[in-house]
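Asks: The structure's right below; bear with me while I get my questions together.
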Amino acid sequence: MTARRVTVLGSTGSVGAATLDLLARSGAEVEITALVAGKNLQVLAEQARRWRPKVVVTADDGGLEALKSALAGTGVEVAAGRAAVVEAAGRPADWTMAAIVGIAGLEPTLAAARTGAVMGIANKESIVCTGRLLLHAVADAGSSLVPVDSEHSAIFQSLGGLDASRASKLILTSSGGPFRGWSRQQMSAVTLEEATRHPNFSMGPKITVDSAQMMNKGLEIIEAAYLFDTPPERIEVLVHPQQIIHSMVEFRDGSTMAQLSPPDMKGPIACAYAWPDRLAWPAPKLDLAQLGKLTFEAPDEEKFPALGLAREALRIGGLAPAALNAANEAAVAAFLDRRIGFLDIAATVAETLETMNKAGELAGEAGLEGALETDRRARSLAEAIILPSAHRN
């Protein structure tokens, strides 16, 4: 049996590391084509020594010599820099995990899509920022894309191969984050430490803050609209603190299908890797009797305005989702640097979106160049909005 050629983009992040761990635990017959990561050179070198990929790439130009030294004598090709990341992503593979966080993942994810490899997509920005560009690239290459976000994976599985036009509603579930039940006054005093503690998952700080303000769910609404070609009015969010039901599909005959499993990101990764088959691995099993009950509630969109901002970006269309994403990344970075407060994040995004829309900057096709330019402009504008807030804080 020929080993499956695998590329992992973002190999040192939580999803990338989980992917490699899953492949090791499952005993899958793989040949690693490329490992691509950011600045975590120690972990990247350890992964390269374990898996012996054909090429290992750091996005950090300054890390080239250190990585070469760490992998001396292994025979592994080493490269660094943005162009090298895109080149490695575009090498022939059978399956690619696209897990580079943020706008940095846009070009390499598109390059990987054009190879014809089946793609597990965890980089939501590639879909949020460029509309259907990625989906068209996958289709043109004659391949397929399987979502890795647990919510979109659940919808994908619940559809069971049916077109989403058969559904009357897509229901994205959410833990509600650490501030579910808090008042706006309490949330105004949220600390960095409180916002970077997720109740169920261990994730990077940016994604954890997105979860705390429910911007992750806002981005997922946009992603679901594109992935499943579904209008936003047919996409709902439901708070489900236990995160056992990862999302649901309500069909037009009144039936609702749900995907259930313990909260573990390796489940959606396994689905993306093996679909339409199932991968045998030592997965945690669901014991509903021990769990006892599952609870649900509607999200409070006044306390969590990110949900409404995402719907507004979809309503505006064009480049608005790219602007929303960029402004949010800039604002979250400022919060992580302790320059603004927690509630300032959504306020910054709202002002950026409104200003750019009034100036007519959001019209146009959400292609690669337009998305990158909108990203640059939105970050710049968001930073200008952040500066006065930072002085107040």
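The values are calculated or read from the model by the stated rules, or taken from the named source; none is laboratory data. Quick caveat: nothing in here was measured; it's all calculated off a predicted structure. As a convention, Cβ positions derive from the backbone with ideal geometry for all residues, glycine included, and neighbour counts pool all protein chains shown. These area figures cover heavy atoms from the full protein model, side chains too; ligands, DNA and RNA do not enter into them. Shrake-Rupley method; radii C 1.70, N 1.55, O 1.52, S 1.80 Å.
Asks: Of all residues in region 325-362, which are open to solvent by 30 Å² or more (accessible area, probe 1.4 Å) and either part of a loop (DSSP other than H, G, I, E, B) or in contact with a Phe, Trp or Tyr (Cβ under 9 Å, 6 or more places away or on another chain) (or both)?
Replies: Answer for region 325-362, where residues must be open to solvent by 30 Å² or more (accessible area, probe 1.4 Å) and either part of a loop (DSSP other than H, G, I, E, B) or in contact with a Phe, Trp or Tyr (Cβ under 9 Å, 6 or more places away or on another chain) (or both): 337, 338, 339, 344, 359, 360, 361.
Asks: In addition: Starting from residues that are under 19 Å from the mean Cα position of the chain (by Cα) and charged (D, E, K, R), keep the ones in region 228-265 and report whichever is farthest from residue 293 (Cα to Cα).
Replies: Per the stated criteria, the residue is 229.
Asks: Say we look at region 255-288 and pick out the residues that are open to solvent by 50 Å² or more (accessible area, probe 1.4 Å), at pLDDT 95 or above and not in a loop (DSSP other than H, G, I, E, B); which of these is farthest from residue 166 (Cα to Cα)?
Replies: Only one residue tops the list, namely 260.
Asks: Same structure, new question: Name the pairs whose Cβ atoms lie under 9 Å apart, with the first residue in region 82-99 and free of Cβ contacts under 8 Å to residues at least 40 places away in the same chain, the second among the polar types (S, T, N, Q) and outside any helix (DSSP H, G or I), and 6 or more positions between them or separate chains?
Replies: Pairs that qualify, where the first residue is free of Cβ contacts under 8 Å to residues at least 40 places away in the same chain and the partner is among the polar types (S, T, N, Q) and outside any helix (DSSP H, G or I), are 84/58; 90/115.
Asks: I'd like the residue in region 374-389 that is at pLDDT 95 or above and surrounded by fewer than 17 Cβ atoms within 10 Å (Cβ to Cβ) and, out of all such residues, is farthest from the chain's Cα centre (by Cα).
Replies: Among residues in region 374-389 that are at pLDDT 95 or above and surrounded by fewer than 17 Cβ atoms within 10 Å (Cβ to Cβ), the one farthest from the chain's Cα centre (by Cα) is 384.
Asks: A further question follows. Out of curiosity, is residue 80 modelled with pLDDT of 95 or more, open to solvent by 10 Å² or more (accessible area, probe 1.4 Å), among the aliphatic types (A, V, I, L, M) and farther than 20 Å from residue 21 by Cβ?
Replies: yes
Asks: Within region 34-53, track down each residue that is outside any helix (DSSP H, G or I) and surrounded by 23 or more Cβ atoms within 10 Å (Cβ to Cβ).
Replies: Our first condition is that a residue be outside any helix (DSSP H, G or I); within region 34-53, this holds for 34-40, 52-53.
Listed by number, the residues that qualify are 34, 35, 36, 37, 53.
Asks: Do the conditions hold for residue 365, that is, is it touching a residue at least 24 places away in the same chain (Cβ under 8 Å) and open to solvent by less than 70 Å² (accessible area, probe 1.4 Å)?
Replies: Answer is no for this residue.
Asks: Filter region 1-30 down to residues that are part of a helix (DSSP H, G or I), within 16 Å of residue 98 (Cβ to Cβ) and free of Cβ contacts under 8 Å to residues at least 40 places away in the same chain and give me whichever is most open to solvent (accessible area, probe 1.4 Å).
Replies: Once the filter is applied, the top-ranked residue is 17.
Asks: Okay, moving on. Could you pull out every one of the strands (runs of 3 or more DSSP E) wholly within region 89-193 that has 1 or more residues that are closer than 30 Å to residue 31 by Cβ?
Replies: Answer list for region 89-193: 95-98, 118-121, 145-147.
Asks: Given the criteria under 29 Å from residue 93 (Cβ atoms) and at pLDDT 95 or above, does residue 202 qualify?
Replies: no
Asks: Quick one: how many residues across region 206-254 are part of a loop (DSSP other than H, G, I, E, B), open to solvent by 10 Å² or more (accessible area, probe 1.4 Å) and either over 29 Å from residue 196 (Cβ atoms) or hydroxyl-bearing (Ser, Thr, Tyr) (or both)?
Replies: Result for region 206-254: 6.
Asks: Checking residue 61 against (1) farther than 30 Å from residue 362 by Cβ; (2) at pLDDT 95 or above, only one condition comes out false. Which one?
Replies: Here residue 61 clears every test but (2).
Asks: Name every residue in region 299-318 that is farther than 14 Å from residue 219 by Cα and either crowded, with 24+ Cβ neighbours inside 10 Å or in contact with a helix residue (DSSP H, G or I) (Cβ under 7 Å, 6 or more places away or on another chain) (or both), in order of residue number.
Replies: Hits for region 299-318 are 299, 301, 303, 316.
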